[in-house]
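Here is the structure we will look at.
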Protein chains: 2
Amino acid sequence: MKIICKKIDLSESINIVLKAVSSKSTMSILECIVINATDSITMTTNNMELGIQTKVVGNIVDQGAIALNAKIFSEIIRKLPDDIVTIETNESYATTITSGKAKFNISGQNIAEFPELPQVAKTKCVSISQHTLKEIIQQTVFSISQDENNKMMTGELFEIEKNILKVCTLDGHRISIRKVELSKEYDPVKVIVPGKTLNEFGRILSGDAEKMVSIYFTDKHILFEFDETMVVSRLIEGQYYKIDKMLSNDFETKLTVNKSELLECIERSTLIINENDKRPLILKITDNNMELNIVSSIGQMHEDILVNKDGADLTIGFNPKFLIDALKVIDDEQIVIYLFNSKGPCSIKDKDESYIYLILPVNIIV
Amino acid sequence: MKIICKKIDLSESINIVLKAVSSKSTMSILECIVINATDSITMTTNNMELGIQTKVVGNIVDQGAIALNAKIFSEIIRKLPDDIVTIETNESYATTITSGKAKFNISGQNIAEFPELPQVAKTKCVSISQHTLKEIIQQTVFSISQDENNKMMTGELFEIEKNILKVCTLDGHRISIRKVELSKEYDPVKVIVPGKTLNEFGRILSGDAEKMVSIYFTDKHILFEFDETMVVSRLIEGQYYKIDKMLSNDFETKLTVNKSELLECIERSTLIINENDKRPLILKITDNNMELNIVSSIGQMHEDILVNKDGADLTIGFNPKFLIDALKVIDDEQIVIYLFNSKGPCSIKDKDESYIYLILPVNIIV
């Protein structure tokens with residue numbers, strides 16, 4: 001194989017495919033980027049959960065393919081002195097990377113052992129802007145569970161009904177839901193995508209509202225196609241939790257509050273939290289006032305916030321981190337919080353329920 | 001004690017004194033910032049090696065003093081909601097920090113146990129700009145030894161003769177020397193300042209060429225005074241190495257080379273270095289060309305650089321890190337490297353010897 005590319009084109013493609021490189025695999029081939037130069041040049045990575053393939057702009061002098069250690073290859077490309085880069089391999093997979101007066105020799109691997117990306121039949125296709133998809137992932141993926149023993153909770157629900165895409169995560173303490181309208185109606189879809197995968201994938205989406213992503217589904221895989229890139233992820237098998245049964249429209253107390261003010265205040269309260277002695281943030285809600293209190297071995301913090309309250313007074317405790325996570329991804333400046341009693345969950349949601357953040361309280365002695 | 005200060009003034013002072021807070025001490029008082037409000041407000045820290053005291057702008061309502069855990073105090077101040085901050089303590093050292101509607105209660109400590117900063121008689125005073133002092137520290141301190149068993153090598157020599165200040169560090173593999181002219185002549189001084197101390201101290205200097213630092217010396221301590229801050233450090237006792245005997249003006253090969261080009265090329269070569277298999281960078285110097293080669297288990301790198309050579313051809317090996325460290329702190333674009341033979345040190349220096357970087361080679365089989 002011999003190809004000639006621009007450094008910047010190589011770097012861009014490397015940054016995309018790096019997201020699916022295995023970091024601690026027993027198979028060294030999974031730590032590689034496969035460069036394939038036949039009709040066009042592509043880079044491919046696959047960590048057996050997530051696979052990414054992207055096109056690289058460049059000239060093919062001799063056709064061929066090689067697998068190169070992703071870490072070494074990406075660092076070499078990043079530090080090359082010149083714009084024009086030549087990558088050349090021989091029959092024993094020795095690879096020479098030349099740029100300006102600099103010449104690197106590294107050993108590559110045969111691509112025969114590299115696991116091919118799963119083939120996904122492009123029948124069911126859904127179209128959504130990169131911007132929207134990137135946003136709804138970031139706005140929900142934080143509340144997946146990290147506990148691999150409960151596989152279902154480590155995933156994110158993608159559910160399409162008519163022209164509505166709903167994404168949802170939950171970890172046993174909270175539920176995060178986002179709904180967006182699609183440009184047309186689709187057949188129903190309900191799949192669970194591994195959350196870690198989505199996290200990595202979200203980072204390579206451009207966030208451009210004009211550029212679209214095509215999503216294809218099969219029973220076992222989800223495929224995202226955008227720009228010159230395709231991303232394939234395994235799905236988590238099984239029935240997802242019945243979310244709708246966990247939600248309720250009842251409330252006893254309804255608060256309207258300035259989001260930034262509340263977020264900053266809760267962030268301050270976490271200064272008092274000791275790693276070894278986690279204490280709840282206690283909210284005491286009375287007419288037009290919310291008192292925030294936290295006490296730990298470090299000390300104590302007290303702050304009042306102006307609120308607009310409908311309904312009963314209430315004292316309730318929360319893990320402040322869960323409130324912070326939700327508030328950080330809400331764009332609205334005025335938010336509405338619905339509360340039931342000191343043992344019931346609180347919901348932060350807008351009128352159309354385009355977002356719902358449900359958080360369970362911590363038991364406190366009132 | 002009760003004081004009222006602006007958040008920004010508190011933050012600035014905290015950032016200065018934090019540099020002398022002990023991070024892992026068995027004495028919890030050394031992890032504190034002492035706030036003293038008598039005639040003026042000061043903050044003081046002392047890790048027994050380095051001590052810092054700085055003035056804080058603010059109003060004293062009630063005189064007094066308190067020691068507060070530096071980490072907790074600095075984080076609270078950083079996240080306060082309002083510009084105006086009130087700090088109030090009671091007889092049992094309970095401390096209330098109020099700002100806007102936020103109120104923090106933390107426990108402080110009696111300052112009686114806090115070790116006072118050493119008194120340094122202000123007899124021998126040397127004056128130098130903050131900019132110059134900051135620069136010469138940064139340009140030399142990297143080559144102190146980290147090995148605490150060889151105390152002398154962990155220090156930096158400060159030597160004044162007439163109107164010349166010379167600073168020098170060495171670690172057994174290399175020597176770094178900087179000389180600057182002072183505005184007038186002084187009595188001779190020769191002290192060894194702990195390198196770690198200088199590193200921390202260098203970071204709080206403003207780098208402003210118009211602002212001066214006054215330096216005072218005693219047998220045991222060095223005191224730096226600038227702006228509203230004083231920094232006291234212990235000295236390392238003993239006779240420093242006879243540097244002049246290690247330097248020589250002889251050379252067999254003299255190279256003139258573009259510094260940035262050489263630096264970038266050596267940085268590229270380090271990509272091939274394996275943590276567990278350190279190999280030297282080999283320079284092969286012939287007429288007007290320097291060939292750089294490095295070979296490791298990862299692969300091999302080769303690059304040519306244009307040089308201007310006087311004298312004999314030479315092949316010599318170096319630890320590339322040592323070359324990089326020196327090249328990074330040299331401002332000149334064209335540098336001159338003096339070499340003797342493949343076993344002798346190389347010196348990078350300018351005509352006036354305002355800087356000298358001497359580096360020992362690594363043995364290679366030529």
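Sort out which residues of the stretch A:65-89 are acidic (Asp, Glu) and at the interface with chain B (Cβ under 9 Å from one of its Cβ atoms), and write them in order of number. Quick ask: steps written out before the conclusion?
Within the stretch A:65-89, the subset acidic (Asp, Glu) is A:75, A:82-83, A:88.
A:GLU75, the sole residue that qualifies.
Residues considered: A:LYS101, A:LYS124. Of these, the only one that is more than 13 Å from chain B (Cβ to nearest Cβ) and over 22 Å from B:ASN274 (Cβ atoms) is A:LYS124.
Matching residues to (1) under 22 Å from B:LEU306 (Cα atoms); (2) without any contact (Cβ under 8 Å) to a residue 24 or more places away in the chain; (3) of a type in the set (S, T, N, Q); (4) buried (at least 22 other Cβ atoms within 10 Å of the Cβ):
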{"position": "A:ILE41", "(1), (2), (3), (4)": "no, no, no, yes"}
{"position": "A:ILE52", "(1), (2), (3), (4)": "no, no, no, yes"}
{"position": "A:LYS101", "(1), (2), (3), (4)": "yes, yes, no, no"}
{"position": "A:SER107", "(1), (2), (3), (4)": "no, yes, yes, no"}
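Residues are listed down the side, and each one gets a yes or a no for (1) in contact with a helix residue (DSSP H, G or I) (Cβ under 7 Å, 6 or more places away or on another chain); (2) among the polar types (S, T, N, Q):
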position: A:LYS24; (1), (2): no, no
position: A:ASP39; (1), (2): no, no
position: A:VAL57; (1), (2): yes, no
position: A:ILE76; (1), (2): yes, no
position: A:GLU91; (1), (2): no, no
position: A:THR95; (1), (2): no, yes
position: A:ASN105; (1), (2): no, yes
position: A:PRO118; (1), (2): no, no
position: A:LYS124; (1), (2): no, no
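Taking the listed residues B:ASN15, B:ASN47, the one that is closer than 16 Å to B:GLU228 by Cα and within 25 Å of the chain's Cα centre (by Cα) is B:ASN15, with no other qualifying.
Given the structure, is A:ASP208 away from chain B (no Cβ under 14 Å), at pLDDT below 95, under 17 Å from the mean Cα position of the chain (by Cα) and more than 18 Å from A:ILE52 (Cβ to Cβ)?
yes
Assess whether B:ILE243 counts as being of a type in the set (A, V, I, L, M, F, W, C), within 21 Å of the chain's Cα centre (by Cα), crowded, with 18+ Cβ neighbours inside 10 Å and away from every other protein chain (no Cβ under 14 Å). Taking the combined requirement at face value, the residue does not satisfy it.
What about A:GLU267, is it more than 27 Å from the chain's Cα centre (by Cα), of a type in the set (Asp, Glu) and within 11 Å of chain B (Cβ to nearest Cβ)? I'd like the intermediate steps shown before the answer.
Values: more than 27 Å from the chain's Cα centre (by Cα): no; of a type in the set (Asp, Glu): yes; within 11 Å of chain B (Cβ to nearest Cβ): yes.
No.
In the stretch B:246-281, the residue that is surrounded by the fewest Cβ atoms within 10 Å (Cβ to Cβ) out of those that are under 29 Å from A:GLU75 (Cβ atoms) and small (Gly, Ala, Ser) is B:SER260. All told, B:ALA37 falls short of being in contact with a Cys (Cβ under 6 Å, 6 or more places away or on another chain) and not assigned by TED's automatic domain parsing to the domain that holds B:PHE201. Screening A:ASP250 with (1) of a type in the set (D, E, K, R); (2) without any contact (Cβ under 8 Å) to a residue 24 or more places away in the chain; (3) more than 22 Å from B:ASN105 (Cβ to Cβ) gives one miss only, at (2). Residues considered: A:SER107, A:SER92. Of these, the only one that is within 14 Å of another protein chain (Cβ to nearest Cβ), out of contact with any strand residue (DSSP E or B) (no Cβ under 7 Å at 6 or more places or on another chain) and not aliphatic (A, V, I, L, M) is A:SER92.
Let's see how each residue does on (1) surrounded by 15 or more Cβ atoms within 10 Å (Cβ to Cβ); (2) outside the structural domain of A:LEU223 (by TED's automatic domain parsing); (3) closer than 21 Å to A:SER107 by Cα; (4) of a type in the set (Asp, Glu):
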{"site": "A:SER25", "(1), (2), (3), (4)": "no, yes, yes, no"}
{"site": "A:THR44", "(1), (2), (3), (4)": "yes, yes, yes, no"}
{"site": "A:GLU49", "(1), (2), (3), (4)": "no, yes, no, yes"}
{"site": "A:ASP62", "(1), (2), (3), (4)": "no, yes, yes, yes"}
{"site": "A:ALA65", "(1), (2), (3), (4)": "yes, yes, yes, no"}
{"site": "A:ASP82", "(1), (2), (3), (4)": "no, yes, no, yes"}
{"site": "A:THR86", "(1), (2), (3), (4)": "yes, yes, yes, no"}
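Restricting to the stretch A:282-319, and then to whatever is within 13 Å of chain B (Cβ to nearest Cβ) and touching a residue at least 40 places away in the same chain (Cβ under 8 Å), can you tell me which residue is nearest to B:ILE72 (Cα to Cα)? Among residues in the stretch A:282-319 that are within 13 Å of chain B (Cβ to nearest Cβ) and touching a residue at least 40 places away in the same chain (Cβ under 8 Å), the one nearest to B:ILE72 (Cα to Cα) is A:ILE305. Those strands (runs of 3 or more DSSP E) of the stretch A:2-98 that lie entirely within it include none in which at least 1 residues are in contact with a Phe, Trp or Tyr (Cβ under 9 Å, 6 or more places away or on another chain), of a type in the set (D, E, K, R) and over 22 Å from A:PHE201 (Cβ atoms). Of all residues in the stretch A:206-227, those that are over 15 Å from A:ILE137 (Cα atoms) and assigned to a strand (DSSP E or B) have Cβ atoms under 9 Å from Cβ atoms of residues that are at pLDDT 95 or above and among the acidic types (Asp, Glu), 6 or more apart or on another chain, in A:SER214/A:GLU225; A:TYR216/A:GLU225.
Scan B:GLN53, B:GLN119, B:GLN139 and give me the residue that is more than 14 Å from every other protein chain (Cβ to nearest Cβ), under 30 Å from B:GLY172 (Cα atoms) and not aromatic (Phe, Trp, Tyr). Walk me through how you get there before you give the answer.
Numbers: B:GLN53 fails: under 30 Å from B:GLY172 (Cα atoms); B:GLN119 fails: under 30 Å from B:GLY172 (Cα atoms).
Residue meeting the stated conditions: B:GLN139.
Considering only the stretch B:136-151, I want to know if a residue exists there that is over 25 Å from B:PRO361 (Cα atoms) and modelled with pLDDT of 95 or more.
Start the filter on the stretch B:136-151 by keeping residues that are over 25 Å from B:PRO361 (Cα atoms), which leaves none.
So far as the stretch B:136-151 goes, no, none of its residues is over 25 Å from B:PRO361 (Cα atoms) and modelled with pLDDT of 95 or more.
Scanning the stretch B:109-135 for residues that are buried (at least 16 other Cβ atoms within 10 Å of the Cβ), in contact with a Gly (Cβ under 9 Å, 6 or more places away or on another chain) and not basic (Lys, Arg) turns up B:LEU117, B:GLN130, B:HIS131, B:LEU133, B:GLU135.
The residue list B:ILE285, B:ILE316, B:ILE294 contains one member that is touching an Asp or Glu at 6+ places or on another chain (Cβ under 8 Å), crowded, with 21+ Cβ neighbours inside 10 Å and assigned by TED's automatic domain parsing to the domain that holds B:ASN341, which is B:ILE285.
The values are calculated or read from the model by the stated rules, or taken from the named source; none is laboratory data. Predicted, not measured: the structure shown is a model, and the values here were computed from it. All Cβ positions, even for glycine, are placed from backbone atoms using ideal geometry, and neighbour counts span all protein chains on display.
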